[in-house]
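The values are calculated or read from the model by the stated rules, or taken from the named source; none is laboratory data. Note that the structure is predicted; figures quoted are calculated from it, not measured. Glycine also receives a Cβ, built like all others from the backbone with ideal geometry; neighbour counts cover every protein chain displayed. Surface accessibility is based on the protein's heavy atoms, side chains included, excluding ligands, DNA and RNA. Shrake-Rupley method; radii C 1.70, N 1.55, O 1.52, S 1.80 Å.
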Amino acid sequence: MTAPAPPTELFGYDYYQNPYPTLEWLRENSPMHPFRFPVGDIPLWIATRFDDVQQLLGDPRFSTNPAWASKEFIDGGMAVGKGTAIERIITMLDPPDHTRVRRLAMSTFTPRRIAQWEEPTHAVVEAELDRLEKQDQPDVMDYAGAIPAALMGNILGFPLDRFNEMIHAIERAFHTDPEDADANRLAFEEIAEYGRGLIAHKRRNPSDDLASALIEARDGEDRLDETELVAMIAVLIMAGLDTTRNLIGTSVLSLLERPDQRRLLLERPELKDTAVEEFLRFNGGVAVGFFRFAKEDLEFAGVSLPAGSPVIPAVGSANRDPRRWPDADRLDITRTGPRHVGLGHGLHNCLGAALARLEAAVAIPAIMRRFPQMTLAVPVEELRYDEMWLVRSINSFPVRLHGDGKR
Amino acid sequence: MAVLRVDPKACVASGLCAAMHPALFRLTEEGLGEPVRGDLTEADDVESAEDVAACCPGAAVAVLDSA
Ligand code: HEM
Ligand code: SF4
């Protein structure tokens, strides 16, 4: 007997271009689906229904830490950042390490503290719009990437001059089509090395910023080891850049394709907050969460999983589940329905959620307001999504800022 | 020893508290965090609740000294 297969191969080229038909097929036909990951040919499962994904993210019987993973998984070379400082990022720590590390950074990112960055965010966005307007070949992804880089640089306390290189490194790090066996690891190492350089500089020039506070937690109070310090700086750079860039990019694209929603956002600016929640639900940037490993032999969503089994939480699919949202495939910026899992759930829920929401709530309406005639400069079928499993990432998104009239 | 509160207006329904310490926190139908018990008498529980308070993305958890 052969297992029924979804319309496109998971994490193959066609899946990346449009994963939604495959995800819908999985939700309806095989909600806990066994398959083999293209890198390392590792057997694993993918969960696609909202209830299962949310439960998986909050279930203490699972861990994100590859210490719990099956031997096949480790041998297949899939442990994120293996052999680099990245293997100690917060996303893959268990309590009590997770608790110790998360509490060092959380207070910087609460909604109240992030609200203080509202004026700087507007300033960054206006400056980036000015810069975009001067480009010969304006690309929304350049705009979308520059905003999180500037904000995170301000918060950490060093300019992230090399953020474009980092975006490329992040994408290579999570590629399912690596150039060679070592390409993923080298990309992680490049990110860690960038972090180490910034830390060395900051140690000589401490100031009133998050990086200095984390360095003080290391050097002064010994609440972090050196690897954890590097991993924390690296994860803050990694987690906020490509995610936010693509939330902004995919949302602008969604609006260009839906003139009614575009008009609504311009006519009713007060909808910006529900709009951002809807953008996070509809195409929120993050496609799937990190692997979850069963810590024991267990039953999950009707499937028996041996200890060590890796399960992928498909948050992008959960957020389109018609069991939770009527008309889930329709973008409706006035929706006030139940909460999505676009920013995760449970222990590892997004630390930067308030910042991501602020950046999106400023950057998306602002570009639509500044360029009300903006159109895509190529047919939409020509846009390409990167073959990276974590984030739904548009390679380039050329536009005509003033429509068909002037350039 | 201490009083445990969740401010429902500040809660962002992350589900962190209930995943981190299911004995102390649970989620409502809407996904908001709420204390299982309002009074904490064990020192361990107070410490655990303080850990959750420091990790909560909404800064919605308060652990207050009871007089
Ligand atoms: C649109 C932007 C963003 C999206 C869609 C997003 C999404 C997510 C998701 C889904 C998770 C959970 C991953 C999992 O459980 O496997 C997560 C975790 C995380 N995010 Fe974000 N994120 C965004 C922006 C940011 C920003 C700006 C930061 C910067 C501080 C950040 C930092 C983190 C960290 C550190 C974690 C791990 C938290 C932990 O393990 O406790 N994210 N994010
Ligand atoms: S951790 Fe905080 S924000 Fe998350 S559900 Fe609990 S109280 Fe609400």
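Among the trypsin sites (Lys or Arg not before Pro) within segment A:101-209, which fall in a DSSP loop and have no more than 10 other Cβ atoms within 10 Å of their own Cβ?
Loop-located and lightly packed - A:Lys134.
Under 29 Å between alpha carbons: how many lysine pairs meet that in the protein assembly as shown, if sequence neighbours fewer than 8 apart on the same chain are excluded?
For the protein assembly as shown, the number of qualifying lysine pairs is 8.
More than 20 angstrom separation, counting every C-alpha pair in segment A:266-407; what % is that?
Summing the P(r) tail past 20 Å for segment A:266-407 gives 61 percent.
What is the angle, in °, between the Cα long axis of helix B:43-55 and the longest principal axis of the Cα atoms in chain B? Nearest 10 is fine, range 0 to 90.
30
Quote the total accessible area buried by chains A and B together, excluding ligands, DNA and RNA, probe 1.4 Å, nearest 100 Å².
Summing both sides, the interface buries roughly 1300 Å².
Scan around B:Arg26 for amide H atoms under 5 Å from its own, H built in the peptide plane at 1.01 Å from N, and keep only partners 5 or more places away or cross-chain.
It is B:Glu34, B:Val36, by chain and number.
In whole percent, how big is the carbon plus sulfur part of the accessible area of segment A:13-400, probe 1.4 Å, protein atoms only?
Taking all protein chains in place, segment A:13-400 shows 49 percent carbon and sulfur surface.
Output the residues of segment B:33-67 meeting this criterion: accessible area (heavy atoms, 1.4 Å probe) in the chain alone minus accessible area with all protein chains in place is 30 Å² or greater.
B:Asp51, B:Ala54, B:Cys55, B:Pro57
Mind checking segment A:307-390 for trypsin sites (Lys or Arg not before Pro) that DSSP puts in a loop (not H, G, I, E or B) and that have at most 15 other Cβ atoms within 10 Å?
A:Arg323, A:Arg330, A:Arg384
Just the number please: accessible area per residue for segment B:2-65, 1.4 Å probe, all protein chains included, in Å².
49
Cα extents of the protein assembly as shown along the three principal axes, largest first, in whole Å?
71, 63, 44
Tell me the per residue accessible area of chain A using a 1.4 Å probe; a whole number in Å² is fine.
With the other protein chains kept in place, chain A gives 41 Å² per residue.
Report which residues of segment A:329-356 become buried by 10 Å² or more of accessible surface when going from the isolated chain to the complete set of protein chains (1.4 Å probe; DNA, RNA and ligands ignored).
Residues of segment A:329-356 that lose at least 10 Å² of accessible area once the other chains are added: A:Arg339, A:His345, A:Gly346, A:Leu347, A:Asn349.
Can you give the calculated 222 nm mean residue ellipticity of chain A, where each DSSP H run of n ≥ 4 adds -39,500 (n - 2.57) and the sum is split over every residue, rounded to the nearest 500 deg cm²/dmol?
So the calculated ellipticity at 222 nm is -15000 deg cm²/dmol.
Peptide A:57-63: average number of partner chain Cβ atoms within 10 Å per residue?
Mean inter-chain Cβ contacts per residue within 10 Å come to 2.
Tell me, which residues of segment A:87-104 get at least 50 Å² less accessible area when the other protein chains come in, versus the chain alone (1.4 Å probe)?
Residues meeting the cut-off: A:Thr99, A:Arg103.
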